[in-house]
Amino acid sequence: MLLSTTLPPWCIRAILSEAYDHGHSAGQDEIDNLAASMLYDFEMHLTRSKDPATPIGFVTVEIWQEGYAATGNASPATLLGSLQVEWGTTFDRALDTYFSLHPHPHWEPATRTVWGCRLFPTRTEAVASHG
């Protein structure tokens, strides 16, 4: 699980602690997914507080594609776009909404990729995945 570098360590520890408390009978993957979801929700809240143009009850979500290097071509992490979604919307649902509004011929809903590259809600995660 990749944790955000934009949050202070105490905040990350608190989120992980709450995820483990709620998932005490769950497997490690389920606990990690819960922690990642909670972290994402908290970061979306931070984004909301920084963006006064976003209507109340909505947040701005960015869609970042990881970088790649293949067959002689390369690209760094790239911002595909952003959209406003209701508070509490998952990143997967935000992806579905984004690509329904902005169709992309190489969007693969089953794997949540574009041209085989994974998508992330933050530049930090996209860069950490593959520059």
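Tabulated results
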item: Filtered residues of segment 92-128 (kept if within 12 Å of the chain's Cα centre (by Cα) and in contact (Cβ under 8 Å) with a residue 40 or more places away in the chain); result: Arg118, Leu119, Phe120, Pro121, Thr122, Arg123, Thr124, Glu125, Ala126
item: Candidate set: segment 98-112, residues that are surrounded by fewer than 16 Cβ atoms within 10 Å (Cβ to Cβ) and hydroxyl-bearing (Ser, Thr, Tyr); chosen: the one nearest to Val59 (Cα to Cα); result: Ser100
item: Output for segment 58-78, where each listed residue is surrounded by 15 or more Cβ atoms within 10 Å (Cβ to Cβ) and among the polar types (S, T, N, Q); result: Thr60, Gln65, Ser75, Thr78
item: Subset tally (residues that are within 21 Å of Ala69 (Cβ to Cβ) and either surrounded by 18 or more Cβ atoms within 10 Å (Cβ to Cβ) or outside the structural domain of Val59 (by TED's automatic domain parsing) (or both)) for segment 79-97; result: 1
item: Condition check for Asp51: among the charged types (D, E, K, R) and at pLDDT below 80; result: yes
item: Per-region count, segment 68-97, residues part of a loop (DSSP other than H, G, I, E, B) and modelled with pLDDT of 90 or more; result: 2
item: Inter-residue pairs, beta-carbon under 8 Å, first among the charged types (D, E, K, R) and in segment 76-88, second in a loop (DSSP other than H, G, I, E, B), 6+ apart; result: Glu86/Gly57
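The values are calculated or read from the model by the stated rules, or taken from the named source; none is laboratory data. Given the structure is predicted, the values throughout are model-derived calculations rather than measurements. Because the Cβ atoms are built from the backbone with ideal geometry, glycine has one as well, and the counts that use them run over all protein chains shown.
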